[in-house]
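In what follows, a structure is listed as structure tokens, so that the remarks can point back to it.
The values are calculated or read from the model by the stated rules, or taken from the named source; none is laboratory data. Bear in mind that the values here come from a model prediction, so they are computed numbers and not experimental data. Counting neighbours? That spans all protein chains shown, and the Cβs are built from the backbone with ideal geometry, glycine included. SASA here: full protein model, heavy atoms, side chains in, ligands and nucleic acids out. Shrake-Rupley method; radii C 1.70, N 1.55, O 1.52, S 1.80 Å.
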Amino acid sequence: MVRFDCTMCGRCCHGLRLPLSLAEAVGWLRDGHEVQLFCEAIPWPSEPSDDNLPAMHKRRRSFEAVSGSLPIRVIVTLMASFDGPCPNLLPDKRCGIYDRRPATCRIYPAEVNPFIALDPRAKLCPPEAWEGETPIIADDGRWANADLASTIVCSRDADAYDAALKPQLCAMLGCATAALSNEGMVIHSPSREALLAALNATLGADGDRFPGDDRSWQLVTNRQPTHDALVEIGASHASPAGVAVAGLDYLGYFAADLV
Ligand code: SF4
Ligand code: SF4
């Protein structure tokens with residue numbers, strides 16, 4: 001059993017990468033803040049079985065594409081990033097957009113990913129938030145609060161709904177470069193105006209009319225063994241230095257050894 005009550009310390013509103021739905025990103029951009037696209041790709045040579053639940057979870061929040069001759073699935077996350085306080089954080093630590101704050105903020109410190117258990121040690125909340133006779137947030141692996149459980153389900157559904165629209169968004173923005181999943185992210189930083197226009201067009205469009213995107217995605221790695229494996233399986237590939245000239249950033253999770 002996990003007990004929790006927010007102390008309003010404001011720690012979770014500082015130094016964040018905050019995932020946003022497409023609709024939330026429109027609001028964030030209209031408020032004058034920046035949003036980037038974090039792109040990762042998973043080699044997907046064959047369909048997993050229905051009982052492979054982690055793979056089905058990834059499938060639901062990704063879209064189908066190719067890299068060279070390799071079938072892949074691409075996960076694109078719209079992200080608001082800030083080093084200090086969130087631009088919406090008020091001096092008294094209240095949220096300035098509380099009624100329309102992103103689902104990620106509504107859910108914290110619970111987990112959206114059904115395969116990650118809530119671990120207070122991994123959260124920014126102070127010890128007193130988890131102590132004493134505070135309300136029960138999770139019990140026996142289930143969320144104890146109905147509103148929280150419903151917000152998590154809605155967030156997952158929005159993620160899946162958005163995934164179907166992201167091929168069109170990426171095509172409009174010219175995005176077709178991704179890191180290999182679990183190794184890093186490629187970060188696209190379109191202008192606020194270009195992203196807002198692409199989002200409005202994507203959200204307002206009749207999805208059935210999108211003709212599809214048959215571009216080959218370029219996979220980026222900073223690791224020599226991964227690079228060699230990508231060559232072996234016929235993927236289109238590039239190094240971080242190679243995509244930097246196109247204004248893209250690579251965020252690697254491992255030390256670089258690619259020369
Ligand atoms: S939107 Fe509000 S709740 Fe979310 S990080 Fe910013 S200030 Fe905090
Ligand atoms: S870090 Fe935890 S306790 Fe502090 S404001 Fe965020 S949710 Fe509340």
Residue pairs meeting the criteria (Cβ under 7 Å; at least 6 apart or on separate chains; first under 15 Å from ALA144 (Cα atoms) and in contact (Cβ under 8 Å) with a residue 60 or more places away in the chain, in region 109-127; second basic (Lys, Arg) and within 16 Å of ligand 1 (Cβ to nearest atom)): PRO109/LYS123
Log entry, pairs with first residue in region 8-19 being under 24 Å from THR134 (Cβ atoms), second being loosely packed, with under 14 Cβ neighbours inside 10 Å, beta carbons closer than 7 Å, six or more apart or on different chains, reads MET8/LYS93; CYS9/PRO126; GLY10/LYS93; HIS14/GLY84
Could you tell me which residue of region 1-39 is farthest from ligand 2 (Cβ to nearest atom), considering only residues that are assigned to a loop (DSSP other than H, G, I, E, B) and open to solvent by 50 Å² or more (accessible area, probe 1.4 Å)? GLU34
When every residue in region 102-128 that is within 13 Å of ligand 1 (Cβ to nearest atom) and outside any loop (DSSP other than H, G, I, E, B) is compared, the one farthest from ASP31 (Cα to Cα) is ILE107
Out of the residues in region 157-189 that are without any contact (Cβ under 8 Å) to a residue 60 or more places away in the chain and assigned to a helix (DSSP H, G or I), which is surrounded by the fewest Cβ atoms within 10 Å (Cβ to Cβ)? ASP157
